[in-house]
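Notes follow once the structure below has been shown.
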Amino acid sequence: MYKLSSIQCVAPFTISLCTLSFSSSSLRFSVRATSSRAMASHIVGYPRMGPKRELKFALESFWDGKSSADDLQKVAADLRSAIWKQMADAGIKYIPSNTFSYYDQVLDTTAMLGAVPSRYNWNGGEIGFDVYFSMARGNSSVPAMEMTKWFDTNYHYIVPELGPDVKFSYASHKVVDEYKEAKVLGINTVPVLVGPVSYLLLSKPAKGVEKSFSLLSLIDKILPVYREVVAELKAAGATWIQFDEPTLVKDLNAHQLQAFTHAYAELESSLSGLNVLIETYFADVPAEAYKTLTSLKAVTAYGFDIVRGTKTLDLIKQGFPSGKFLFAGVVDGRNIWANNFASSLNTLQALGDIVGNDKVVVSTSCSLLHTAVDLVNETKLDQEIKSWLAFAAQKVVEVNALAKALSGQKDEVFFSANAAALASRKSSPRVINEAVQKAAAALKGSDHRRATNVSARLDAQQKKLNLSVLPTTTIGSFPQTADLRRVRREFKANKISEEDYIRFIKEEIYNVVKLQEELDIDVLVHGEPERNDMVEYFGEQLSGFAFTANGWVQSYGSRCVKPPIIYGDVSRPKPMTVFWSSTAQSLTKRPMKGMLTGPVTILNWSFVRDDQPRFETCYQIALAIKDEVEDLEKAGITVIQIDEAALREGLPLRKSEEAFYLNWAVHSFRITNCGVEDTTQIHTHMCYSNFNDIIHSIIDMDADVITIENSRSDEKLLSVFHEGVKYGAGIGPGVYDIHSPRIPPTEEIADRINKMLAVLESSILWVNPDCGLKTRKYTEVKPALTNMVAAAKLIRNQL
């Protein structure tokens, strides 16, 4: 799967003080470097999709059967070589390889270990695209593996399914192949592997395996494969290897910490002769984990997130292993703001005083996977705002500039420009809106709950809506066809008139409404044809937001999102959705949901300003959404859905910090709808996360109905109700996975509904898919929804 038929060898560039771009198969990256000599600089990882989403389009073309595996591999090879050369030309010393993936790095590790669930009928040998993509996406006969959030980011990983009977074997040579590929280009990279302990801690017991099964008991079964990989890398000439062990930032018990000590002691002889970096990110490393980490055998260097893990600095000051390297993640891999060079250099110099300047390597706080690719592609972005930003390509340059400064070769011009940009942002009048600040400050002192309890509200709503038992609905979006995307694009480019655009969108809404009526769905949606993205659409109509043309970030697989940039105070100048929701409601007598994105999701799916606490920005967004909710109600919309798909992913990685976050996040949601009538039904939606540990906060949101992902995660959500959690509001655990092209049969959906009825009252249960349908085709959506409605009717009749 990962073999390449040929590699083009290109001599490395030598760069003097300048700004330039170079091309590799039409991929352009901007580079600014001051020397071709590599300084003590390191990048944890880099975006895979390409500056113009080249990998996305290649993947989707391959999945649709329009291009070959060779075509896909060619695009991938061009992307990898462009990235490696970009870093080499910028002067980066420790350049990562194997951070590229066709879908997900954890899935790549599953393939490397040969840990393929039996339902995919893999018979050994090198894992190919067919098995790999079946695990990721499912196929016509079997479902995909579970997908969930990667720590507290908007990236999703494919969760390994493990048990005592899994036979591990070295089944994907991708890591070694990519190391050799870079070496042919004259670049000696640092191969990156998901560390063995984090891999197991991020896994789950497979179906049929006891939930209490200790995944860490498999450590001695997977280490032989890691040894084989390490041996091949050494034979190929690797001198450094990076193990990503991000679970070290979580609350781990003594048994879990002991697994790290054991694993690296077992690998010690295999790693002999290699420099070994253990990389952590996304938060502070707790004191006990720090002690374990810095005592590991055979380790040369430790990587820390100094942006989100400032408390780790105190641990380093108290003691750092003599003679070891400190990879200091001072350039933020999770945001798009330009680095504060003066502040970062102070931090680096303080670290140098402790461990020695020659032992400090300047790095990113985490992989740059979580930020946009290259600011050079933003030709229409406001110039003042643009001067405040740095995307992945610029962050590579920032890392090297800081490394040079630390070594005494400070680029005074570059540092002065950075200081001027920071000063401009701090003093810009476009950042502060005093009326918004005042309104947000006035929120203190109330918890913004609706006046009546949820059971009384549901009674009032049922009298008005008169819904069937087990009412059916969808989550919001319907398929976004090529024609629809073309029309939106043409309208944005002023190639068609507003009149023509509105006529087309109205026709699209009419078709979606009629389809739902034909399918006999109870509560309808307008399909969101006017929306590009559930966050960007609202951000474009709110003040305080800026937008990019190519600021795409991978969410999962080929799916990319383009997060808005919140640079200032947020307010709503005028209604955003009322026209389209009213238009849709006028086409049907059935209830039509008004569709909004909630404040926490807008916050968590944006690049957020870092000059005030996140909760203050969230309260501002909540007030803007509150205005929209009340305008929808005035327009006669009686069911309003406020999606909080991303509420769970903002949860801090430490238990001690969770309550504060959940308090303001849930409060923000309640602010949006605290003023509506009892007869107005408020829905919310959440997807693709582990909700069981925050179920009480979900109840505290006080929504009338919640629709929530359930089917892809093996109905894990239902276990909380088995355990006795009482839920009195309406609830719709998803009955089928929309991220797979597979069409679930009626009997399978009916079986799922029956499982739900074992723990939930029929009076509160809704029937719906896991998530919105925008990424699917109508040829998949129509039969799937037909089966869903048929299953609901089947169970109604039985009831």
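The values are calculated or read from the model by the stated rules, or taken from the named source; none is laboratory data. Not measured: the values here are computed from a predicted model. Here the Cβ positions follow ideal geometry from the backbone for every residue, glycine too, while neighbour counts run over all protein chains shown. To get the accessible areas, we keep the full protein, side chains included, count just its heavy atoms, and leave off ligands, DNA and RNA. Shrake-Rupley method; radii C 1.70, N 1.55, O 1.52, S 1.80 Å.
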About the Cα centre, charge dipole magnitude for region 35-121 (Lys/Arg +1, Asp/Glu -1 at Cβ), debye: 260 debye
Working note, region 453-797: Cα radius of gyration (Å, one decimal) and Dmax (Å, whole number) are 19.1, 58
Residues other than Glu210 with Cβ under 13 Å of its Cβ, Lys/Arg counted +1 and Asp/Glu -1, net out at +2
Roughly how many Å² is the accessible area per residue of region 453-797, as a whole number, for a 1.4 Å probe? 35 Å²
Kirkwood Rh in Å, taken over the chain so that all alpha-carbon pairs contribute: 27.5 Å
Among the Cα-Cα pairs of region 500-539, the proportion with separation greater than 15 Å, in percent, is 48 percent
Largest to smallest principal axis extent of the C-alpha atoms in region 554-601, angstrom: 39, 33, 15
Antiparallel as a % of all DSSP beta bridges within region 453-797, to the nearest 5? 20 percent
Rounded to a whole number, what % of the accessible area of region 498-559 do carbon and sulfur atoms account for, probe 1.4 Å? 44 percent
Accessible-area order for Asp130, Asp631, Asp770, Asp611, largest to smallest, probe 1.4 angstrom, reads Asp130, Asp611, Asp631, Asp770
Of Lys574/Lys782; Lys56/Lys174; Lys56/Lys149, which ones are farther than 24 Å apart at the Cα? Lys574/Lys782
Can you name the helices of the chain, as whole DSSP H runs, whose Cα span along the helix axis is 20 Å or more and whose Kyte-Doolittle mean is not below -1.0? 69-89, 219-236, 254-271, 341-355, 392-406, 412-427, 498-519, 614-634, 655-673, 778-798
Considering only protein heavy atoms, what is the solvent-accessible area of Leu274 at a probe of 1.4 Å, reported in Å² to the nearest 10? 20 Å²
Kindly give the semi-axes, whole Å and largest first, of the ellipsoid equivalent to region 40-427, taking each as the square root of 5 times a Cα gyration tensor eigenvalue. 33, 26, 19
Of Lys52/Lys410; Lys463/Lys626; Lys291/Lys562; Lys85/Lys204; Lys180/Lys562; Lys52/Lys395, which sit over 28 Å apart, Cα to Cα? Lys52/Lys410; Lys291/Lys562; Lys85/Lys204; Lys180/Lys562
So for Asp700, Asp284, what's the accessible-area order with a 1.4 Å probe, most first? Asp700, Asp284
In nm, to one decimal, how far is the Asn357 label point from the Lys782 one, both placed 7 Å along Cα→Cβ? 7.1 nm
Just to be sure I understand: of the beta bridges DSSP finds with both ends in the chain, what percent are antiparallel, rounded to 5? 25 percent
Report the accessible area of Tyr46, computed with a 1.4 Å probe over the heavy atoms of all protein chains in place, in Å² rounded to the nearest 10. 10 Å²
Using Cα-only point scatterers and the Debye equation, what is log10 of I(q)/I(0) for region 593-669 at each q in 0.11, 0.13, 0.14 Å⁻¹, rounded to two decimals? -0.30, -0.41, -0.47
Sorted by accessible area with a 1.4 angstrom probe, largest first, how do Thr786, Thr292 fall? Thr786, Thr292
In region 53-138, carbon and sulfur make up what percent of the accessible area (probe 1.4 Å)? 46 percent
Just the number please: accessible area per residue for region 40-427, 1.4 Å probe, all protein chains included, in Å². 33 Å²
The chain, helix-only ellipticity at 222 nm - DSSP H runs n ≥ 4, -39,500 (n - 2.57), divided by all residues, nearest 500: -12500 deg cm²/dmol
Relative to the compact-globule estimate 2.2 N^0.38 Å (N residues), the Cα gyration radius of region 242-303 stands at a ratio of 1.04
Note: region 138-198 at 37 °C, 0.692 mPa s; Kirkwood Rh on alpha carbon pairs; Stokes-Einstein D in µm²/s works out to 218 µm²/s
Area accessible to solvent at Arg450, 1.4 Å probe radius, in Å²: 20 Å²
Stretched fully, the stretch from Lys207 through Lys66 gains (0.36 nm per residue minus C-alpha distance, one decimal, in nm) 47.3 nm
Bin width 10 Å, origin at 0, all Cα-Cα pairs of region 686-792: what percent of pairs per bin? 15, 50, 28, 7
Have a look at Val578, Gly734, Val512 and report the one farthest towards the positive end of the charge dipole of region 453-797, computed about the Cα centre with Cβ charges (Lys/Arg +1, Asp/Glu -1). Val512
Taking every pair of alpha-carbon atoms in region 110-261, give the share separated by more than 26 Å as a whole percent. 29 percent
Restricting to region 40-427, compute how many DSSP beta bridges are antiparallel as a %, nearest 5. 10 percent
What's the whole-number percent of alpha carbon pairs in region 460-552 lying beyond 18 angstrom? 58 percent
Which of the residue pairs Lys495/Lys634; Lys359/Lys655; Lys234/Lys359 have a Cα-Cα distance greater than 27 Å in the structure shown? Lys495/Lys634; Lys359/Lys655
